[in-house]
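Chemist: Can you keep this structure in mind? I'll have questions shortly.
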Amino acid sequence: MSKCPAIVGIVFDSASLDAIEKINELHKLEKSAKFFISLGSLINIFGGNAVKGAGSSGLTSAISAVPVNGSLQKVRDVSVAIGKSVSSDAGQTAWNITQANWEYYFRSYSALDSIKLRQIDYIATQQALHHVADKKQYRFWKAIADGCKL
């Protein structure tokens with residue numbers, strides 16, 4: 001629509017108010033979905049869903065070579081575990097970035113807007129058909145279906 005109409009004195013009935021609430025909920029759902037899509041990608045990259053192993057830095061071997069006297073066994077075990085994760089995190093993260101499916105990420109992220117707009121068009125069209133007798137509400141819902149925003 002090239003220009004959205006200014007409708008003076010419109011009074012919404014309960015069906016229109018419910019539809020407006022549904023449209024506002026769609027906007028909120030789109031924001032939440034974009035957040036969770038991004039969060040999932042970041043978790044896969046930085047948290048990873050791959051098995052992490054010791055890196056090639058030799059840190060684990062160096063810590064394992066430390067002689068142990070009784071109570072130092074727990075300290076050495078913790079040090080080995082830390083060494084395994086620290087030595088492999090940077091390489092694993094770099095690998096995860098290269099292996100992330102960026103095409104699907106951007107497709108799903110951008111598809112959310114078209115899904116939302118399709119739902120808004122459906123709601124607005126149904127409301128316009130429902131309010132044919134009330135010219136102001138009909139004009140409002142027709143404008144929303146044609147692309148005007150609430």
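Chemist: Can you compute the modelled spin-label distance between V132 and A33, with each label point 7 Å from Cα toward Cβ, in nm?
Modeler: That separation, rounded to one decimal, is 3.1 nm.
Chemist: What are the residues whose amide H is under 5 Å from the amide H of D134, where those residues sit 5 or more places off or on another chain and H is modelled from the backbone?
Modeler: The list, which skips near neighbours in sequence, is empty: none.
Chemist: Got a number for the accessible area of K34? Probe 1.4 Å, square angstrom, nearest 10.
Modeler: 50
The values are calculated or read from the model by the stated rules, or taken from the named source; none is laboratory data. What you see is a predicted model, and the numbers here were worked out from it, not measured in a lab. Please note: Cβ atoms are built from the backbone with ideal geometry, for glycine as well, and neighbour counts cover all protein chains shown. SASA here: full protein model, heavy atoms, side chains in, ligands and nucleic acids out. Shrake-Rupley method; radii C 1.70, N 1.55, O 1.52, S 1.80 Å.
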